[in-house]
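Student: The structure's right below; bear with me while I get my questions together.
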């Protein structure tokens, strides 16, 4: 942490917000079972996640002072001992119905889960004192907006864990509604095979853990990065290793370009309101997807899938000052001719307003003015690049 701070970096660390492994000595020593979530039949709810080391965990009831004090006490220790900048509270954006009769809340449904989480969040900030802490949770949920600073929305890379043939299509609905009020980030998008924890069985360890994926899957990563950019998310990469700075330089350059472009225009991509994306004329192609799971390589090895995607993705944003920005991100190595259909009525634009093109280096180039009604704006987008059209 000190090295990170010396380099001007901030770090939040993982602390699951609701699970207690039932095979740990503390489960018995602290009588944790009494405060665990119970099913309708009175049995403790148990969840198992690791196919290599399938030990069950019990979700704990955040409505109980016991669990809130336990979690906040651990958080207090690590925040102050390691000078953390905050916590990633895994599974926090998730509520359960608890049927325990002695937890002091109604049986089954109710708002007690959110009441308990809100008190936990207040306690964490109180314990942090003057520290400028940030707290993140997993998923996007409106009930948690007052209490969390960031939301891990991993669906940009859903093809890594949901087969595209299932019919699901990822859409940025949470960003479309709540973007000005919540920072969203996160991806399973990685340039490597999944990691393997040192505490898991040695016999199950794959030889390729954290080695580089075949470059035939690189466009999957590019698509995930482009989605994050045009959907106004904070750029993220999973399983980063320093060797990627050389062995996968073009992919890292792409991430850096989009991050720099977003950072320079935060009034749109962080604080702005998401608008309907404009129609964009550009070619499409099949994108080969690696389906190797996420936390550890799946048993039986990798599978593959394909999705059809345009070679340039687009998103639209309105700043608090009323300006409109169209973000474009290319996921191909070659330059592309792109035509953007700008509808002045759809975006409530003033006729004659100047249109400026902004690149990742911050250069602003006037390219025309807003016409009455709809107009076609043609431009050349370099390979693996992003650009933004701003109506001033």
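Student: Inside segment 255-264, can you point out the residues that are buried (at least 20 other Cβ atoms within 10 Å of the Cβ) and either touching a helix residue (DSSP H, G or I) at 6+ places or on another chain (Cβ under 6 Å) or more than 14 Å from residue 228 (Cα to Cα) (or both)?
Tutor: 255, 258, 262
Student: Exactly one condition in (1) surrounded by 15 or more Cβ atoms within 10 Å (Cβ to Cβ); (2) within 30 Å of residue 39 (Cβ to Cβ); (3) at pLDDT 95 or above is false for residue 139; which is it?
Tutor: (3)
Student: While we're on this one: Name the single residue that is surrounded by the most Cβ atoms within 10 Å (Cβ to Cβ) among those in segment 142-153 being in a strand (DSSP E or B) and touching a residue at least 60 places away in the same chain (Cβ under 8 Å).
Tutor: Of everything passing the filter in segment 142-153, 152 is surrounded by the most Cβ atoms within 10 Å (Cβ to Cβ).
Student: Now for a separate question. For the condition in contact (Cβ under 8 Å) with a residue 24 or more places away in the chain, farther than 24 Å from residue 47 by Cα and assigned to a loop (DSSP other than H, G, I, E, B), what is the one hit in 156, 170?
Tutor: The unique qualifying residue is 170.
Student: Regarding residue 334, is this residue loosely packed, with under 15 Cβ neighbours inside 10 Å, under 24 Å from the mean Cα position of the chain (by Cα) and either at pLDDT 95 or above or within 30 Å of residue 209 (Cβ to Cβ) (or both)?
Tutor: no
Student: Among 373, 301, 368, which is the only one that is farther than 28 Å from residue 239 by Cβ and loosely packed, with under 13 Cβ neighbours inside 10 Å?
Tutor: Result: 373 is the single residue among 373, 301, 368 that is farther than 28 Å from residue 239 by Cβ and loosely packed, with under 13 Cβ neighbours inside 10 Å.
So that you can scan it fast, the table gives a plain yes or no per residue for (1) more than 23 Å from the chain's Cα centre (by Cα); (2) closer than 17 Å to residue 261 by Cβ:
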position	(1), (2)
318	no, no
330	no, yes
342	yes, no
349	yes, no
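Student: Looking at segment 35-53, which of its residues are more than 23 Å from residue 103 (Cβ to Cβ) and over 26 Å from the mean Cα position of the chain (by Cα)?
Tutor: Once the filter is applied, which keeps residues that are more than 23 Å from residue 103 (Cβ to Cβ) and over 26 Å from the mean Cα position of the chain (by Cα), segment 35-53 yields only 53.
Student: If we only count strands (runs of 3 or more DSSP E) wholly inside segment 317-392, which ones have 2 or more residues that are in contact with a helix residue (DSSP H, G or I) (Cβ under 6 Å, 6 or more places away or on another chain) and closer than 22 Å to residue 274 by Cα?
Tutor: Ranges flagged: 324-330.
Student: Can you pull out every residue in segment 173-212 that is assigned to a helix (DSSP H, G or I) and either more than 30 Å from residue 268 (Cβ to Cβ) or touching a strand residue (DSSP E or B) at 6+ places or on another chain (Cβ under 7 Å) (or both)?
Tutor: Matches in segment 173-212: 174, 175, 176, 179, 180, 202, 203, 204.
Student: Do you know which of the residues in segment 251-285 that are touching a residue at least 40 places away in the same chain (Cβ under 8 Å), in a helix (DSSP H, G or I) and under 30 Å from residue 165 (Cβ atoms) is nearest to the chain's Cα centre (by Cα)?
Tutor: Of everything passing the filter in segment 251-285, 258 is nearest to the chain's Cα centre (by Cα).
Student: Which of the following residues is surrounded by fewer than 17 Cβ atoms within 10 Å (Cβ to Cβ), under 20 Å from residue 88 (Cβ atoms) and free of Cβ contacts under 8 Å to residues at least 24 places away in the same chain: 125, 118?
Tutor: 125
Student: I need the full set of residues from segment 286-315 which are without any contact (Cβ under 8 Å) to a residue 60 or more places away in the chain and over 21 Å from residue 154 (Cα atoms), in order please.
Tutor: 286, 300, 301, 311
Student: Suppose we keep only residues that are out of contact with any helix residue (DSSP H, G or I) (no Cβ under 9 Å at 6 or more places or on another chain) and surrounded by 15 or more Cβ atoms within 10 Å (Cβ to Cβ) within segment 211-229. Which one would you say is nearest to residue 286 (Cα to Cα)?
Tutor: Once the filter is applied, the top-ranked residue is 219.
The values are calculated or read from the model by the stated rules, or taken from the named source; none is laboratory data. Please read all numbers here as calculations on a predicted model, not as lab measurements. Note: ideal-geometry Cβ built from the backbone for every residue, glycine included; neighbour counts use all protein chains shown.
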